[in-house]
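Read through the structure below, which is laid out as structure tokens, and then see the notes.
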């Protein structure tokens, strides 16, 4: 019982630390799995055992290690099943000839370099009990493998799944994955038998079993899929049969003499790719595997990773040499093959960095090699460092080589394919006269008022305009099934249909042609919105108000983040449900944010002939009146008489300005108020009266924050006032 209690305590520590470190790495735009691997290493002799050796020995005594090993092996079986399940033939539908050439060369080059490196490493870090052939094969497999699951998530998070680069990378990684597992199977067979000749029976038996699974096994699995379609649900009985098949297949490959992970992977790959079945099976399986079992595998690996073994400069040099060979072999092999296949220089370079992703798959290979005694703990540690570095560097190098401004955004128009609409919107973005509003839409079913206001602000007959509803599908999990490219495409299509339904409700019908949605996958909505704003360069971001659920902070959550970091003018819409837009109120107190509020009100006034505007100035006792700036006066004088006649400037005296504004808001449809000059300095306020207005205002409310005094919201509507608006001074 004492051992069981210790194991449970270890599991608690492992899961908690894995989540904590994983989320920390995710916050710096790294895959969650990298943080979990680091957490495992931290629990081992490399950190915990170094800082508190006695505590580490008490928490992780030798008698508990076999229990962790069993749990980690079960986790590996089902994780490899999930990898096979996600290996969709759709990934092979791209430029298959270029992919096969690129993938094979990206394996051959690092494998060959690893074989050459083995000639030097073998006498230094191995012993006579290990054959050179097995050592070279394992080192070659470790150098040439690409982690398909991690690469697929990087592609999804960077919205590359619909681009030529993303499609080619997925195809290459899928081919690479299958090829690398075959190499590893041969390496295991050689390691267990001692030479290639002795491994031939094992290889033949493996081929026979693969053939059996792809014929008889696939026929049986199709029958299960047919049963699923008929019942419409994944019952516990059906799930039990599938899990039994996973374990049974794993046992067969272990008995054949390769490794149990191959049987699980093969069964997943042979599963019919019925979208609903795959999704439900993955969702039901992955939570327990990814949250509970895999962190135990990382901890088990970390307990065997001893960075302290690299205790001499020459060993660090060897580690650096391994890292250099791994990176250079994979990168240049991929780059050269891609260039020969006709891929341009930038995409070929980005593909080279993507194929360097090794991650968890590499860790699986290394653990097998260590268990078989083919690689020593020293080599294991060096290769773990290589796996971490190559995976860690992928995202920043991809961003450097292929920045997001070069990735075409997913823009949708009715009856047009994605490529055509993307080009149309891109050209629209580059057209200087266009007035553009970016509208983050969190929930299409509840934000019609927000989008209708954006269309009303943008649309007039004097200036071309574009409204971009921005729908960011936030992935809560990292390497779960929902973040695979196939699932991401399904979510994008679903969101596209929802947005089309929303757009079709906008009035007048002609306004719908102004609206071009942008749909993207994101792991951080506020940061992604700011990045898209830099790419698209809209004149205004119009965002709906979302009060944080667990905080009184008015600037909490995504709205506060967008207000803080978006590099353009921002307006926050508090929708009270009124569909009318005939009367406007602008409380004016002479700061640049109030200037923006007034300018947007004037734009609405110009766009709607029936709209009326009241500019309200509230005077306190012994307080001078806040005059409109000279530029605003001049601008209003240049408005057509038909617009000026609908503007009323009203001054009232009140000791409580907020109450005067709230009272005035009862008779209007929309109040437009600027934030304070010092908004956001006080942690929980929007500043001045705006914070209270967000709660007390009787009408719908638009809160404005000005970023740049150069941005002109009226210049193209009234060209003769372009100079005066762009020179509004800060007060």
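Regarding residue 715, is this residue surrounded by 14 or more Cβ atoms within 10 Å (Cβ to Cβ), at pLDDT 60 or above and part of a helix (DSSP H, G or I)? Give the steps one after another, and end with the answer.
Details: surrounded by 14 or more Cβ atoms within 10 Å (Cβ to Cβ): yes; at pLDDT 60 or above: yes; part of a helix (DSSP H, G or I): no.
No.
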Seminar exercise, completed: Per the filter on region 121-160, residues closer than 25 Å to residue 334 by Cα and free of Cβ contacts under 8 Å to residues at least 24 places away in the same chain are 136
For this session: Check 358, 346, 405 and return the single one that is modelled with pLDDT under 90 and crowded, with 24+ Cβ neighbours inside 10 Å.
Result: 358
Exercise. Which condition number does residue 108 fail, the rest of (1) closer than 28 Å to residue 485 by Cβ; (2) surrounded by fewer than 22 Cβ atoms within 10 Å (Cβ to Cβ); (3) at pLDDT 85 or above; (4) touching a helix residue (DSSP H, G or I) at 6+ places or on another chain (Cβ under 6 Å) being met?
Worked result: (4)
For this session: Go through region 440-492 residue by residue and tally those that are farther than 19 Å from residue 280 by Cβ, under 20 Å from the mean Cα position of the chain (by Cα) and touching a residue at least 12 places away in the same chain (Cβ under 8 Å).
Result: 11
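If you check 331, 300, which single one turns out to be assigned by TED's automatic domain parsing to the domain that holds residue 22, touching a helix residue (DSSP H, G or I) at 6+ places or on another chain (Cβ under 9 Å) and closer than 30 Å to residue 241 by Cβ? Please lay out each step first, then the result.
Values: 331 fails: closer than 30 Å to residue 241 by Cβ.
Result: 300 is the single residue among 331, 300 that is assigned by TED's automatic domain parsing to the domain that holds residue 22, touching a helix residue (DSSP H, G or I) at 6+ places or on another chain (Cβ under 9 Å) and closer than 30 Å to residue 241 by Cβ.
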Exercise. Inside region 580-616, can you point out the residues that are surrounded by 20 or more Cβ atoms within 10 Å (Cβ to Cβ) and assigned to a strand (DSSP E or B)?
Worked result: 584, 585, 586, 587, 613, 615, 616
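Go through region 127-213 and tell me which helices (runs of 4 or more DSSP H), entirely inside it, have 3 or more residues that are surrounded by fewer than 19 Cβ atoms within 10 Å (Cβ to Cβ) and within 40 Å of the chain's Cα centre (by Cα).
164-193, 196-212
From the list 536, 507, which one is within 25 Å of the chain's Cα centre (by Cα) and either surrounded by fewer than 23 Cβ atoms within 10 Å (Cβ to Cβ) or under 13 Å from residue 440 (Cα atoms) (or both)? Show your work before the answer.
On the way: 507 fails: within 25 Å of the chain's Cα centre (by Cα).
Checking each option against the conditions leaves just 536.
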Seminar exercise, completed: (1) more than 26 Å from residue 121 (Cα to Cα); (2) at pLDDT 80 or above; (3) in a helix (DSSP H, G or I) all hold for residue 382 apart from (1)
For this session: List every residue pair whose Cβ atoms lie under 9 Å apart, where the two residues are 6 or more positions apart in sequence or sit on different chains, the first residue falls within region 677-703 and is at positive phi, and the second residue, located anywhere, is assigned to a loop (DSSP other than H, G, I, E, B) and at pLDDT 60 or above.
Result: 680/686; 687/675; 687/676; 688/589; 688/591; 688/675; 688/676
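From the list 661, 668, exactly one residue is in a loop (DSSP other than H, G, I, E, B), at pLDDT 85 or above and either closer than 13 Å to residue 697 by Cβ or assigned by TED's automatic domain parsing to the domain that holds residue 596 (or both). Which is it? Full working, then the answer.
Numbers: 661 fails: in a loop (DSSP other than H, G, I, E, B).
That would be 668, the only listed residue that is in a loop (DSSP other than H, G, I, E, B), at pLDDT 85 or above and either closer than 13 Å to residue 697 by Cβ or assigned by TED's automatic domain parsing to the domain that holds residue 596 (or both).
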Exercise. Across region 1-47, what is the number of residues that are surrounded by 15 or more Cβ atoms within 10 Å (Cβ to Cβ) and more than 30 Å from residue 528 (Cα to Cα)?
Worked result: 14
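The values are calculated or read from the model by the stated rules, or taken from the named source; none is laboratory data. Everything numeric here is computed off the predicted structure, so don't read it as measured data. Because the Cβ atoms are built from the backbone with ideal geometry, glycine has one as well, and the counts that use them run over all protein chains shown.
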